[in-house]
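Taking it in order: structure first as structure tokens, then the write-up.
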Amino acid sequence: MKSIDARGEICPKPVIMTKNAIEDKTINQLEIIVDNPAAKENVVRFSQNFGFEVKDVVEKGKDFHILINRVGSAIKSEEEFDVNEYPCPIPQKPSGKNIFFKSDELGVGDSDLGKLLMKGFIYTLLELDTPPQKMVFMNSGVKLCIKGAITVENLKRLESKGVEILVCGTCLDFYKVIDDLEVGIISNMYDIATVLTETVQLLTV
């Protein structure tokens, strides 16, 4: 089975790569690998419009493996192909501000209230005109990035906007949750110290 690696490609390149591959009528099965949800949706929609059945979409880390089979006549002809039908959202330009999370709670006081406030704070970052550039999680702050945390989905959305999320590996190991990491990359003290000391605008929460 032929495989196309479209990871790192800017839209609409993954769709164009898929189109070029299926123009070979001898190809009846194809795997397309992309690394963002918008590209995945575009490739799936394109494939269905042009005579292919989507057999499976397998998520592996940040990547999506799309498996398609040729099934018959296309809904659209090649002449009807319009690349503008497959747009991708343009990530917002990072503001340059970095945020340091030293706890899984916001403020000092009631623990349940602190967790609720932190959830609201991270959600609000999505609503800002420009997101932060990097978010660093240390000590109990790493718990915001693990399986079951109420903040994981919004952190994933921030990551998809281009925000770099660094999670302290020593802290994950200390809390015995290193295998539960759901979002971000495991980082080390050198990289974290570099971010915290070289940042002009740093917010600590």
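About its Cα centre, the chain has a charge dipole of approximately 140 debye under the convention of +1 per Lys or Arg Cβ and -1 per Asp or Glu Cβ, with nothing else charged. Charge tally for Asp63 (other residues, Cβ to Cβ under 10 Å; Lys, Arg +1; Asp, Glu -1): +1. Charged neighbours of Leu113, selected by a Cβ distance under 12 Å, balance to -1 (K, R count +1; D, E count -1).
Which FRET efficiency value, to the nearest 0.05, do you get for Glu53 and Glu153 by plugging their Cβ-Cβ distance into 1/(1 + (r/R0)^6) with R0 = 45 Å?
0.90
Selection among Pro37, Gln201, Ser3 by position relative to the dipole of the chain gives Gln201 as farthest towards the positive end (Cβ unit charges, Cα centre). Charge tally for Glu153 (other residues, Cβ to Cβ under 12 Å; Lys, Arg +1; Asp, Glu -1): +2. With volume of the Cα convex hull per residue in Å³ as the read-out, I listed (i) 175; (ii) 121; (iii) 140; which label goes with the value calculated from this structure? Answer label, from the structure shown: (iii).
Dividing the summed -39500 (n - 2.57) terms of all DSSP H runs of n ≥ 4 by the residue count of the chain sets its mean residue ellipticity at 222 nm at -9500 deg cm²/dmol.
The magnitude of the dipole of the stretch 111-204, with charges of +1 and -1 set on the Cβ of Lys/Arg and Asp/Glu and taken from the Cα centre, is near 180 debye.
Just so you know, all these numbers are worked out from the coordinates, no wet-lab data involved. Just so you know, these numbers come straight off a predicted model, no measurement behind them. Note that we place each Cβ from the backbone using ideal geometry, even for glycine, and neighbour counts take in every protein chain shown.
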